[in-house]
Amino acid sequence: MDQIVIEGGNRLSGKIPVSGAKNAALPLMAACLLSDKPLTLTNLPQLADISTMSQLLEQHGVQIDASNGAAVFDAADVDNTVAPYDLVRRMRASVLVLGPLVARFGEAKVSLPGGCAIGTRPVDLHIQGLEHLGAEIDLDGGYVTASAPNGLTGGKFIFPFVSVGATENLMMAATLAKGETVLSNVAREPEVTDLAECLVAMGSKIDGIGSDTLAIQGVDTLNSAEHSVVGDRIEAGTYAMAAAITDGDVELAGVKAEHLDAVFRALADAGLEIGKTYDGVSVRLGKGGLKGVDVMTEPFPGFPTDLQAQIMALMSVADGAAMITETIFENRFMHVPELARMGANVNVHGASALVRGVDRLTGAEVMATDLRASSSLILAALAAMGETVVRRVYHLDRGYERIEEKLAACGAVIRREKE
Ligand code: UD1
């Protein structure tokens, strides 16, 4: 297993290219199953989760041809509609094949993802939504089987609460359902919008993109399309905080500033100076230093849960206190004990964590527990006095492309080695 070793205390300065968003790429790849014509995706990040999704699609019968920065997904000869436990357990987003498979082939059998480190994360909304589109659902032996031998039919579904994955699954399924589907209280995350735009390029008829209600007119078949994966706002937000925690100055290229509005509002209140550049944003800590700010995670356009652990690392060295409240996932404070080992002062009360800023963090051996927790430990390590060893970085490799290369290019002293 790999570990990352960081010598803290070095200012970051330079330009960081932001990769394509993992959370956009995964549903976009699943969307290839909707058509017998090839889907070409560019700006795909090279990440462990992307490889897992590729393996899943290949075992369904999808031909993948990746070269010259583009990958062509050809689902003309899909011969297997079962997504096995072995692949689904590695990545919850595997459940995104359920909607496309049942919509195009009238049947799909997908392993239930099971528990996960950051909460129970059931897939009940995905299932209920498909039932509203006429699918028969059977849960047996750890698998969900959806069948609609005569195809799905349009329907109305009001999400009782916002779910990114269930919105994506149902939107994809509805593109091939007979008649109109209306989905209300849908997720508005930029990755959902990116998927919707790709589906439109494939010939789907979707109204209300970017709003909380989507109206989808089903079509018989979808066509070939080419789509560039949107820039990763979570990766960009992480590097913005890396600049702040090292009193640095970075430019983030390839991200849309409006995808980070809530994050930049919080960071500006914390004392960062943020400017737009022609293809991204510039970020640096202002002269007044870093101040504590309160943050609550919410569905987009609110502050993303996927940046909660990182802002906690940042707040741990801010002047004053910060109350960080997690409303999306239960049990998403696993980074707290690890940050505490580096000297952070954090008290958790239910869904909120009170962070009292300290003057300095100190290097330690710490262990990554999930993807975003790992990046919070990297941020803490960049600011800490001395050496930090972050173990179990395979979590990090699921979501950050070439992280040590990108940080080292801006002056971080960071290396990857075998444990
Ligand atoms: C996606 C992101 C993940 C991000 C999350 C919230 C991908 C691949 N992953 O995950 O990085 O943290 O959005 O922004 O895009 N829930 C149910 N039943 C369901 C579905 C969800 O109870 O059927 C609950 C979940 O347990 C969670 C909440 O709803 O508490 C939101 O989850 P959801 O938006 O679905 O997250 P994912 O799509 O899994």
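The values are calculated or read from the model by the stated rules, or taken from the named source; none is laboratory data. Owing to the predicted nature of the structure, the values given are computational and were not obtained by experimental measurement. All Cβ positions, even for glycine, are placed from backbone atoms using ideal geometry, and neighbour counts span all protein chains on display. Keep in mind that these areas ignore ligands, DNA and RNA; they rest on the heavy atoms of the full protein, side chains included. Shrake-Rupley method; radii C 1.70, N 1.55, O 1.52, S 1.80 Å.
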Residues within the range 32-90 that are open to solvent by 20 Å² or more (accessible area, probe 1.4 Å) and of a type in the set (A, V, I, L, M, F, W, C), tallied: 9
Some residue of the range 377-394 being open to solvent by 10 Å² or more (accessible area, probe 1.4 Å), among the hydroxyl-bearing types (Ser, Thr, Tyr) and not in a helix (DSSP H, G or I): no
Single condition Ala344 does not satisfy, out of (1) touching a Gly at 6+ places or on another chain (Cβ under 8 Å); (2) open to solvent by less than 30 Å² (accessible area, probe 1.4 Å); (3) not hydroxyl-bearing (Ser, Thr, Tyr): (1)
Any pair with Cβ under 6 angstrom, 6 or more apart, that starts in the range 142-167 at a residue that is more than 20 Å from Ala83 (Cβ to Cβ) and ends at one that is within 16 Å of the ligand (Cβ to nearest atom) and outside any loop (DSSP other than H, G, I, E, B): Gly155/His132; Phe157/Gly129; Phe157/His132; Phe157/Leu183; Ile158/Ser184
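Table: residues versus (1) more than 11 Å from the ligand (Cβ to nearest atom); (2) part of a helix (DSSP H, G or I); (3) over 25 Å from Thr297 (Cα atoms).
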position: Val95; (1), (2), (3): no, yes, no
position: Val102; (1), (2), (3): yes, yes, yes
position: Pro122; (1), (2), (3): no, no, no
position: Ile137; (1), (2), (3): yes, no, yes
position: Pro149; (1), (2), (3): yes, no, yes
position: Pro160; (1), (2), (3): no, no, no
position: Leu170; (1), (2), (3): no, yes, no
position: Ala173; (1), (2), (3): yes, yes, yes
Filter result for the condition that a residue is touching a helix residue (DSSP H, G or I) at 6+ places or on another chain (Cβ under 9 Å), farther than 23 Å from Leu12 by Cβ and open to solvent by 60 Å² or more (accessible area, probe 1.4 Å), over Glu298, Glu330, Glu326: Glu298
The listed residue being outside any helix (DSSP H, G or I), away from the ligand (no atom under 15 Å from the Cβ) and under 22 Å from the mean Cα position of the chain (by Cα), out of Val293, Val281: Val281
Residue within the range 197-209 that is within 15 Å of the ligand (Cβ to nearest atom), open to solvent by less than 30 Å² (accessible area, probe 1.4 Å), out of contact with any strand residue (DSSP E or B) (no Cβ under 7 Å at 6 or more places or on another chain) and under 22 Å from Leu44 (Cα atoms) present: no
Condition broken by Leu112, with the remaining ones in (1) open to solvent by 50 Å² or more (accessible area, probe 1.4 Å); (2) more than 16 Å from the ligand (Cβ to nearest atom); (3) over 30 Å from Thr277 (Cα atoms); (4) free of Cβ contacts under 8 Å to residues at least 60 places away in the same chain satisfied: (2)
